[in-house]
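Enquirer: Dumping the structure here so I can ask a few things about it.
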Amino acid sequence: MQPVDYTTLTAACSELRATWVPGRAEQVYQRDRYTIAIALRTLNGRGWLTICWHPQAARICIGDPPPRVPDTFTFSDQLRHQLGGFALIAIETIAPWERVLDLQFAKRPGEAPTWHLYVEIIGKYSNLILTDADNLIVTTAHQVSNQQSTVRTIQTGQPYELPPALTGTSPSLTEPYQSWQERVSLIPGAVAHQLLKSYRGLSPTLARSMVQAAGLDPKQSTETLEESDWQNLFQRWQQWLQTLLNVSNLSTANRQPSNLQPSNLQPSNLQPSNLQPVNLGQKATLREQPVNLGQKATLREQPVNLQPANLGQKATLREQPANLKPANLFQPGWTNQGYTVMDWGIVKPAENIQTLLNSYYTNQFNQHEFARLHNQLTQKLNNNLRKLRQKASSFKERLQQSDQADQSREKADLLMAYLQDWQPGMKSITLPDFETNQPVKIPLNPEKNAVQNAQALYKRHQKLKRTRDAVEPLLKEVQEEIQYLEQVEASLTQLNTYNTLDDLQTLQEIREELIGQGYLEASAQRSRNLSDVSQPYRYQTPSGFELLIGRNNRQNDQLTFRTAGDYDLWFHTQEIAGSHVLLRLEPGTVADPADLQFAADLAAYNSRGCQSEQVPVVYTKPKYVYKPKGAKPGMAIYKHEQILWGRPDQGRHYLMASVSTQKM
């Protein structure tokens, strides 16, 4: 998963400042243990600011509205209590080249901040910390004690401290080409890796895309680069730094007091010396502020190395282009490896940075959740099926033993008929059968007489008979349970890869079904609940009829007993677990043989018999399909059926052709 680097964070914050600051915090909702969403209201609308401190996907962007399920997290309660009704007045970076943001909240715009929400996007140490105006920690997403870290502790009530500063050289737009080249090529190695080692503020993804944009191989050694290669790479390097400089100048201009009229912006009042940071590594303030300002106009902890003095350019407000907006500074888009906010390697442009980040990480989280949930359900089903099959095998053995009940009774009858042939101490006796006259050997207990041995055989006959009466319904129950779980297993087998959000919704419905049937325990916190219901597969037959295929038992029941009409046809593999398939027909229409075969092929493919060459498939009218009383989800019985032979390989071919058509 691609992490949010400094460049992406700068791009995201530039859009947030332009569109969502100031904005009033109306609601706070925690989606899961790593993600909160703050509802911001501005003059232009309402949106959900998503802040995530996940170790692999920490980020901040405008995201989707949260699901309509209760929020049971304590952390969100604390944030809701403190930030509710306050206005987000600023989003500031607090240290040069650091991925740490200060979200400032005040009662209204123009006032001093009452709360500071620090967003630390630093990999596995990512965190979200709320402090008051005195920078005392009020609450935090993840507390760190002195036993967990000797470098930096994070505890409620203590002053907030910045994360340990990164080491390494800071990039600078004023650095000469010769110095830059010597630094990168000092130690021979892969050019992308050497960029990462030589400077801070870069990520592996940014370094790789920068090198590729220069027409080079990221793994190419610095020793093999020619002068023209170095020149091309340096141009990309300066393009990157210039973009960050433009964002910094734009943010500075946007934070100027609104009552500064152009007539007041005289060169004598805006000398470069007045715009220089007081000291590197300290807060940069604008000196000589107009005395009649009603609000503070300070630059709170700006990334100093990106200020005009550090990048070798003098920045006056007159130098800003009139159309300098975040959309003109960055070019967000999708790449073959992930995403980018620069114009390097884009294969599909994105609407804006917020949409790009939200789509990418939502999709990545859904994929991880899909894989985790699929593995959990598969293991649970396999364990349950193994136990049930062992139980069924044990019941069958006991039934086989009960088949000997009549033999025990016949032996007892023979022994009672030939009492005169018994002798004391006999361990067995051979007597002629009543019907066949064939010799029958009867084992005896030498400590008992003939009558007692016969009574023992009669008792064994009665016991085995009672066993059959008791085991037969138990075996039937276990077999029905196996059949149901095999139906669920067939759905999981077909749902083995994540393609769309509907795949995850289908899988979560299977989980909820298994919880309802008692095969899974309901967890206290169910991550990433989805409110929408999943939809069945939809195909078009050769004649243009709609074909619906259930992807889980909920959909199967919905198709068979809710959606199906009087003129439709219902398909299912014969005595094989699989999906319910519904061929939709209008009144007066008749399905061609090609349509029936098409439906049979897909029914065979979406079943446990998908590995066979041919699978028997039955079809009938939906009115002849019934659900037995008390049956589990997805179970049905049918009558008046006809049989076709479905071809799973042909069904797979239909599916691949359908996917190719959708991509085109």
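Enquirer: Only counting other Cβ atoms within 10 Å, I'd like I637, I62 sorted with the fewest neighbours first. Before the final figure, lay out each step's value.
Expert: On the way: I637 10, I62 21.
Going from sparsest to densest Cβ surroundings: I637, I62.
Enquirer: Translational D (Stokes-Einstein, µm²/s) of segment 6-166 at 37 °C and 0.692 mPa s when Rh comes from the Kirkwood sum over C-alpha pairs?
Expert: Values: Rh = 15.9 Å.
In µm²/s, the coefficient rounds to 207.
Enquirer: Then there's this: Hey, got the dipole for segment 393-497? About the Cα centre, +1 on K and R Cβ, -1 on D and E Cβ, debye to the nearest 20?
Expert: On the way: 14 positive and 16 negative charges, 122 e Å.
Magnitude of the dipole: close to 580 debye.
Enquirer: Mind checking the log10 I(q)/I(0) for the chain at q = 0.06, 0.09, 0.10 Å⁻¹? Debye, one equal scatterer per Cα, no solvent, two decimals.
Expert: Taking Cα atoms of the chain as identical point scatterers yields -0.56, -0.93, -1.04.
Enquirer: From Cα coordinates alone, what are the radius of gyration and Dmax values for segment 535-663 in angstrom?
Expert: Using the Cα atoms of segment 535-663, the pair Rg, Dmax is 13.6, 44 Å.
Enquirer: Round to the nearest 10 and give me the degree value, 0 to 90, for the angle of helix 450-494's Cα axis relative to the longest principal axis of the chain.
Expert: Roughly 30 degrees, rounded to the nearest 10.
Enquirer: Mind giving me the FRET efficiency for Q438 and I515? R0 is 45 Å, r the Cβ-Cβ distance, nearest 0.05 is fine.
Expert: Details: r = 59 Å, r/R0 = 1.32.
E between Q438 and I515, to the nearest 0.05, is 0.15.
Enquirer: Can you work out ³J(HN,Hα) from phi for every residue in segment 557-574, in order, using Karplus 6.51 cos²θ - 1.76 cosθ + 1.60 and θ = phi - 60°, giving whole Hz and x for Gly and Pro?
Expert: Per-residue couplings from phi come out as 5, 5, 5, 6, 10, 10, 7, 4, x, 5, 9, 6, 10, 10, 10, 6, 5, 7 Hz.
Enquirer: Please name whichever of P446, T50, L474 sits farthest to the positive end of the charge dipole of the chain, dipole taken about the Cα centre and charges placed at Cβ: Lys and Arg +1, Asp and Glu -1.
Expert: Farthest towards the positive pole: P446.
Enquirer: Using the 2.2 N^0.38 Å rule of thumb for compact globular proteins, work out how segment 101-227 stacks up: its C-alpha Rg over that value, please.
Expert: Dividing the Cα Rg of segment 101-227 by 2.2 N^0.38 Å gives 1.47.
Enquirer: Taking H as built 1.01 Å from N, whose amide H comes closer than 5 Å to the amide H of H54, not counting residues under 5 places away?
Expert: R59
Enquirer: Separate question: Please list, in chain and number order, the residues 5+ apart from M342 or on another chain whose amide H is under 5 Å from its amide H, with Hs placed from the backbone.
Expert: Distant-sequence amide H within range of M342: Q331.
Enquirer: Quick one: putting +1 on the C-beta of Lys and Arg, -1 on the C-beta of Asp and Glu, what dipole do you get for segment 6-166 around its Cα centre, in Debye to the nearest 20? Mind dumping the intermediate values first?
Expert: Details: 14 positive and 14 negative charges, 75 e Å.
The dipole magnitude comes to about 360 debye.
Enquirer: Oh, and also: Of I510, C13, F545, which is farthest towards the positive pole of the chain's charge dipole, taken about the Cα centre with +1 and -1 on the beta-carbons of Lys, Arg and Asp, Glu respectively?
Expert: I510
Enquirer: So, one more: Under 5 Å between amide hydrogens, which residues at least 5 positions from D568 or on another chain qualify, with H placed 1.01 Å from N in the peptide plane?
Expert: Long-range HN contacts for D568: L585.
Enquirer: Here is a further query. Above 24 Å lies some portion of the pair distances; for segment 393-497, what is it as a whole percent of all C-alpha pairs? Can you show the working numbers first?
Expert: Details: 2516 of 5460 pairs.
Value for segment 393-497 (Cα pairs over 24 Å): 46 percent.
Enquirer: Now for a different question. At S149 and D343, where each label point lies 7 Å from the Cα along Cα→Cβ, what is the point-to-point distance in nanometres?
Expert: Computed distance between label sites S149 and D343 equals 4.0 nm.
Enquirer: Quickly rank 139-146, 467-474 as a protection proxy: mean count of other C-beta atoms within 10 Å, highest first.
Expert: With the highest mean Cβ count within 10 Å placed first, the list reads 139-146, 467-474.
Enquirer: In addition: If each residue of separation counts as 0.36 nm, what is the full-extension length gain between T114 and A631 once their alpha-carbon separation is subtracted? Before the final figure, lay out the partial values.
Expert: Details: separation 517, 0.36 × 517 = 186.12 nm, distance 5.99 nm.
This chain segment gains 180.1 nm when fully extended.
Enquirer: Please list, by residue number, everything in segment 1-32 whose backbone N is under 18 Å from a paramagnetic label point 7 Å out along Cα→Cβ of R46.
Expert: Answer for this model: 20-31.
Enquirer: Here is a further query. Fewest Cβ neighbours within 10 Å first, please rank E226, E397, E15 accordingly.
Expert: Numbers: E226 8, E397 11, E15 23.
Neighbour counts put them in this order, fewest first: E226, E397, E15.
Enquirer: Specify the angular offset, from 0 to 90 degrees and rounded to the nearest 10, of the alpha carbon long axis of helix 405-417 from the longest principal axis of the alpha carbons in the chain.
Expert: On a 0 to 90 degree scale, this one is about 20.
Enquirer: What list of ³J(HN,Hα) values in whole Hz, one per residue of segment 495-507 in order, does the Karplus curve 6.51 cos²θ - 1.76 cosθ + 1.60 (θ = phi - 60°) give from phi, with Gly and Pro shown as x?
Expert: Listing the rounded values in order: 9, 9, 9, 9, 10, 9, 4, 4, 5, 5, 4, 4, 5 Hz.
Enquirer: Listed here are the pairs K396/K427; K391/K632; K396/K623; K441/K476; which of them are more than 28 Å apart at the Cα?
Expert: Working: K396/K427 31 Å; K391/K632 20 Å; K396/K623 36 Å; K441/K476 35 Å.
Those over the limit are K396/K427; K396/K623; K441/K476.
Enquirer: Using each residue's phi in segment 202-212, evaluate 6.51 cos²θ - 1.76 cosθ + 1.60 at θ = phi - 60° and report the 3J(HN,Hα) Karplus result to the nearest Hz, with x for Gly and Pro.
Expert: Values per residue, Gly and Pro as x: 9, 10, x, 5, 5, 4, 5, 5, 5, 5, 5 Hz.
Enquirer: Counting other beta carbons within 10 Å of each residue's own, what order do R584, R31 fall into, fewest first?
Expert: Taking fewest neighbouring Cβ atoms as first place, the list is R584, R31.
Enquirer: Run the dipole for the chain about the Cα centre, Lys and Arg Cβ at +1, Asp and Glu Cβ at -1, nothing else charged, and hand back the magnitude in debye, nearest 20.
Expert: Working: 67 positive and 63 negative charges, 260 e Å.
Its charge dipole is roughly 1260 debye.
Enquirer: Considering Cα pairs under 8 angstrom that are at least six residues apart, work out the relative contact order of the chain and quote it in whole percent.
Expert: On the way: 1115 pairs, mean separation 53.7, N = 664.
8 percent.
Enquirer: Still on this structure, I have one more. Pick out, from V69, N135, Y160, the residue whose Cα sits farthest towards the positive end of the charge dipole of segment 60-166, with +1 on the Cβ of Lys and Arg and -1 on the Cβ of Asp and Glu.
Expert: It is V69, whose Cα lies furthest towards the positive end.
Enquirer: A follow-up question, please. Tell me, what is the percent relative contact order of segment 393-497, built from C-alpha pairs under 8 Å that lie six or more residues apart? Don't jump to the answer; show the numbers that get you there.
Expert: Values: 94 pairs, mean separation 36.3, N = 105.
About 35 percent, as a whole number.
Enquirer: If you line up the long axis of helix 227-254 against the longest principal axis of the chain, both from Cα atoms, how many degrees apart are they, to the nearest 10?
Expert: Roughly 80 degrees between the two axes.
Enquirer: Follow-up. Hey, what number do you get for the chain at 222 nm if only DSSP H runs of n ≥ 4 count, each worth -39500 (n - 2.57), divided across all residues, to the nearest 500?
Expert: Values: 14 runs with 242 residues, N = 664.
Helix contribution divided over all residues of the chain: -12500 deg cm²/dmol.
Enquirer: For segment 535-663, what's the relative contact order in percent, using C-alpha pairs closer than 8 Å and at least 6 residues apart? Walk me through the numbers before you get to the answer.
Expert: Values: 263 pairs, mean separation 31.9, N = 129.
Over segment 535-663, the number comes to 25 percent.
Enquirer: Also: Sort out for me the Cα centre separation of segment 589-629 from segment 143-190, rounded to whole Å.
Expert: Going from one Cα centre to the other spans 63 Å.
Values in this text are rule-based calculations from the coordinates and carry no lab data. None of the values given here were measured: they were computed from a predicted structure. We place every Cβ from the backbone using ideal geometry, glycine too, and count neighbours over all the protein chains shown.
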